[in-house]
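Undergrad: One structure coming up, written as structure tokens, with questions to follow.
Throughout, read-outs are computed from the coordinates displayed, never taken from laboratory work. Keep in mind it's a predicted model, so treat the numbers as computed, not measured. As a convention, Cβ positions derive from the backbone with ideal geometry for all residues, glycine included, and neighbour counts pool all protein chains shown.
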Amino acid sequence: MNARTIAFELSMEGRQVDEVVASIFHTVLFHRSSGKFTYNSEESYSIRTVSYIDVDCDFIDFTYVCCESELLGRNVKREIADFSELLRTVDGTSAPPRGSISLEFFQKRRARWPFQPECVPWEVWTVFCEIAEARNEHDMHAKHENVVEMLQDKIMYITEIINRHQYVPKMPSRSDADLIFDTSYPDIQPYLFKIHYNLSGAPQTTVGNTVRKILRETLSL
Amino acid sequence: MAPEVAFSNITDKNEFTKFTKFLAYKGVQVIVESRKGVKIEPNSKPKTSDTDWFNLQIPDSSEVNQATKNALPSDRVLETIKSQLHVEISVQTEDGDEMVLELWTLQLDETQFDTSLKAMNTVYFRMGILLKSLITITRITPAYHLSRKQRLESFTIFYRVYSGEAKLKALGDSVKTIQAGLLKTPLGALVFSVTYRTNFSITPNRSDNNKALLLKSDHFELSPKHVIFESKKKKEEKRESKPSGPIDLDKPLRLAAFVDETLVKRTFEEFYTKIPIPDHYRPEKLPVSPVKEKEIMSKSTQELDDSAASKSPNSLEMPPKKFSGFRHENEPPIKLLLFPFADTHPIRELAEFYKDFFNAPHLKLTDELTQSNKSLEPVLEDVELTNEDLSKDLELYENSVVEFDELLADMCRSAEWSGN
């Protein structure tokens, strides 16, 4: 099955990387998270409420909404901070530092013993980041406005994509809930997701990478 | 157009209508909440039951619900939404200038339907996602940033819910439209969209229509109105705090306004005839035209007020200090400001001289002399009297010189006798 891939290319200052990526990923995760499921029987369940909060950015004049979940916020922040740190340490004298970070939603498929369940991505959101430091104050102001406008466009695009209601995994029965949703969060229940990044600028979801990844995951015991 | 039999049974259609109604209610709540200017912080919302509509913790303001109810009759939900339901967001400055910022619209577009969506729980789930998109989009339009500033600035954001034709003209010529979300259902697509103005300049609707007032973040911080208001308050305070000192009994009694002067005069005379007072204690005459004096006093206060009102607020607060020439008795003496490394400067010598001159103690007699001519006359009389007494005494003593000589001779003689 081919995963739906959505890619954004953004140019920003080094200090803005964390907030630009966070505003995109949290907007997606807000749409891709539901309240905690409580199963009454194998097929019957009720869903609890999702709460949301506003996040004001420090380095961009921008506010985004994310799920009110401390653990989710912490996990996403850690991954983005690792990527941002790596990207900002790249020597940008010859060419501006580039990198990509992806938010990948996947579902697990049970495999025969002794193999691990297979992880099948169904939607991947990738942000290609290029660091372009401002030459002067005027340039910084122009770049800042540009980043805000670009982000507004991306947020609109995200809502448009999600409201197309293309493939999303079916609501699972009680025994399969862990194959679709990440049930480890106490307050929300997002679809299973992982965040990965690289600095080459090339997306990780190439056929070769995917095959290698599947082989590696299949063989790992 | 959506097919006539979109749903397989009437129950589904009723359920869809109910879901759509609550989608509209919650949608309006989301829009209005986002324009309150309050940032939603963690743990800021009260924990609600787990039966929230669309599994989203959206506030339920009864006032907003009532506004929605008025625009969306329960028996005509789908019909009303087909003809569009709007939430108008406007800003009003404290000067009374008003500007419509954006217009949110919920519409059921019958041309975009999806008959494959039959399960009502999926419709419900997707409506939840539609609301999430609405929540997200409310944060990116310019009105959101403006509303967040309204607690610091002097303007207020208003909302209005209405159905029917959109009043887009109020948004001005320069507008932008964003689709906040679209959900295709068997009856048509439920669409949330926003049209907002991109030109944020207010044209005051008063005398000067040509000048556009740009709504800046710091525009209202120091409005002249505030200054005037503050100065008025201070003025009133000053008037109220006028000290009413103890009554000075030595001063002549003054008559109040509209008092019959002749009657008072007669009463005084009667009093003095009944109870005779030694002449030197009795006042020589009654206050001359006390009413006139009173008038002058009132006038001066009035003048002060008039002149004060015509002046700028700043000059009212700080009246210019005049150099009186001499230090008043109650005025604190001047202190020299000590400037480091300025001891040898010639101007310091002048300052020292001025200080000594200014701080010199007052000569009371000089003061009394300069105060009034009346007070001078008795002093002169006293001096004359003293001189007269002295000359009398001198004359007396001169006449008695022989007696003194005899006395002195007697004293000398008696001394000689005692010496022998």
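Undergrad: Hey, for a label at B:S83 modelled as a point 7 Å past Cα toward Cβ, could you say which residues of the stretch B:101-132 have their backbone N under 14 Å away?
TA: B:108
Undergrad: Right, next: Only helical DSSP H runs with n ≥ 4 go in: add -39500 (n - 2.57) per run for chain A, normalise by residue count and round the 222 nm mean residue ellipticity to 500 deg cm²/dmol.
TA: Rounded to the nearest 500, the figure is -11500 deg cm²/dmol.
Undergrad: Using Cβ counts within 10 Å as a stand-in for footprinting exposure, how do B:L385, B:L72, B:L78 rank, fewest first?
TA: With the fewest neighbours first, B:L385, B:L72, B:L78 line up as B:L385, B:L78, B:L72.
Undergrad: Mind running the shape call on the stretch A:36-156? Use the C-alpha gyration tensor, a ≥ b ≥ c as the square roots of the eigenvalues: rounded below 1.5 for a/c, prolate if a/b tops b/c, oblate otherwise.
TA: Oblate.
Undergrad: Which entries of A:K143/B:K176; A:K143/B:K45; B:K13/B:K167 have Cα-Cα distances beyond 25 Å here?
TA: A:K143/B:K45; B:K13/B:K167
Undergrad: From the cross-link list B:K21/B:K149; A:K36/B:K69; B:K21/B:K132; A:K36/B:K39, which pairs have alpha carbons spaced over 23 Å apart?
TA: In this structure, B:K21/B:K149; A:K36/B:K69; A:K36/B:K39 lie more than 23 Å apart at Cα.
Undergrad: Now a separate question. Quote the FRET efficiency, to the nearest 0.05, computed for A:D139 versus A:D91 with a Förster distance R0 of 25 Å and r equal to the Cβ-Cβ distance.
TA: That gives a FRET efficiency of 0.70.
Undergrad: Also, quick follow-up: Using a Förster distance of 35 Å, how high is the FRET efficiency between B:D75 and A:W113, based on the Cβ-Cβ distance and rounded to 0.05?
TA: 0.05
Undergrad: List residues of the stretch A:74-100, by number, whose backbone nitrogen lies under 20 Å from a label position 7 Å along Cα→C-beta of A:N146.
TA: The answer is A:88, A:92-100.
Undergrad: Which Rg and Dmax, in Å, describe the Cα atoms of the stretch A:90-147?
TA: Gyration radius and largest Cα-Cα distance of the stretch A:90-147: 19.9, 62 Å.
Undergrad: Shifting gears a bit: Bin by bin, in steps of 10 Å, what percent of the Cα pairs in the stretch B:91-186 do you find, going until the bin that has the longest distance?
TA: Final binned percentages: 12, 35, 31, 15, 6, 0.
Undergrad: Further, regarding this structure: Quick check: net charge around B:S133, other residues with Cβ under 11 Å of its Cβ, Lys/Arg +1 and Asp/Glu -1?
TA: So the environment of B:S133 carries a net charge of +1.
Undergrad: Something else now. Sum up the charges of everything whose Cβ sits under 13 Å from the Cβ of A:Y39, counting Lys and Arg as +1 and Asp and Glu as -1, but leave A:Y39 out.
TA: -1
Undergrad: For A:S184, A:S84, what's the fewest-to-most ordering of other Cβ within 10 Å of each Cβ?
TA: A:S184, A:S84
Undergrad: Sort chain A into rounded, prolate or oblate with this rule: let a ≥ b ≥ c be the square roots of the eigenvalues of the Cα gyration tensor; rounded if a/c is under 1.5, and if a/c is not under 1.5, prolate when a/b is larger than b/c, oblate otherwise.
TA: Oblate is the answer for chain A, as a/c is 1.5 or above yet b/c matches or exceeds a/b.
Undergrad: What distance in nm separates the two pseudo spin-label positions at A:A177 and A:D58, each 7 Å out from Cα along the beta-carbon direction?
TA: Modelled inter-label distance: 3.8 nm.
Undergrad: Would you work out if the stretch B:12-162 is rounded, prolate or oblate? Take a ≥ b ≥ c from the square roots of the eigenvalues of the alpha-carbon gyration tensor; rounded if a/c is under 1.5, else prolate when a/b is larger than b/c, oblate otherwise.
TA: Prolate is the answer for the stretch B:12-162, as a/c is 1.5 or above and a/b outweighs b/c.
Undergrad: At most 16 other C-beta atoms within 10 Å and a DSSP loop state: those are the exposed trypsin sites (Lys or Arg not before Pro) I care about. Give me the longest piece of chain A that has none.
TA: In short, A:1-109.
Undergrad: Could you line up B:V194, A:V21, B:V401 from fewest to most neighbouring Cβ atoms inside 10 Å?
TA: Ranked by crowding around the Cβ, least crowded first: B:V401, B:V194, A:V21.
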